[in-house]
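A short write-up of the structure that comes next.
The values are calculated or read from the model by the stated rules, or taken from the named source; none is laboratory data. All values reported here derive from a predicted model rather than from experimental measurement. Ideal geometry is used to build each Cβ from the backbone, glycine not excepted, and the neighbour counts take in all protein chains shown. Remember, those area values only see protein heavy atoms, side chains included, never the ligands or the DNA or RNA. Shrake-Rupley method; radii C 1.70, N 1.55, O 1.52, S 1.80 Å.
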Amino acid sequence: MAGSVRILVDGDACPVKDEIYKVAWRLEVPVTIVANSHFRVPQHPLIDRVVVSDGFDAADDWIAEQATVRSVVITADILLADRCVKAGATVLSPTGKPFTANSIGAAVATRAIMADLRAGAVGDGIRGPAPFSKTDRSRFLSALDAALVRLMR
């Protein structure tokens, strides 16, 4: 195995679980998928499932508490990404976009502005993120592989 390197996944609505499993199996890195409800994962010694309470942010809290400099966290949740970056973890969105100490502040600010716009009358024409694409999937695979290889050195 890869020492203490591991992948922590915010499992609710994660579109790249299969890709995560494939990379983890190839590099022999353990994966923990965390969610608020029971869900299926492959029967494999490297794959673990954690079902937390349905309390607000329970999955995020569990992941943030476990995140270390030897973790790769996969999440689309910007506030969770912020917490994990501050813990020293490598954080990737499911589209392969890295959240870093240099970029997370702008991401949090943009999230807040967009939430305000959607909540007000100005936000009537504002849409959510673009649909997930094959390009996103490919970018994610490359970013995850690179992050794990870097941590395993």
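Of the residues making up the range 69-96, just one is touching a Lys or Arg at 6+ places or on another chain (Cβ under 9 Å), open to solvent by 60 Å² or more (accessible area, probe 1.4 Å) and within 17 Å of LEU151 (Cα to Cα), namely ARG70.
To keep it simple, each residue is scored yes or no on (1) within 14 Å of VAL73 (Cα to Cα); (2) part of a loop (DSSP other than H, G, I, E, B); (3) in contact (Cβ under 8 Å) with a residue 12 or more places away in the chain.
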position	(1), (2), (3)
ILE7	yes, no, yes
CYS14	yes, yes, yes
ARG26	no, no, no
SER37	no, yes, yes
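Among the residues of the range 47-61, the one identified as within 20 Å of LEU92 (Cα to Cα) and assigned to a loop (DSSP other than H, G, I, E, B) is ASP57.
For ILE104, the conditions (1) buried (at least 18 other Cβ atoms within 10 Å of the Cβ); (2) at pLDDT 90 or above; (3) of a type in the set (Val, Ile, Thr) are fulfilled apart from (2). Taking the criterion of being part of a helix (DSSP H, G or I) and at pLDDT below 95, the residues of the range 62-83 that qualify are ILE78, LEU79, LEU80, ALA81, ASP82, ARG83. One residue stands out in the range 18-68 among those that are over 18 Å from ALA87 (Cβ atoms) and acidic (Asp, Glu): the one that is most open to solvent (accessible area, probe 1.4 Å), namely ASP54.
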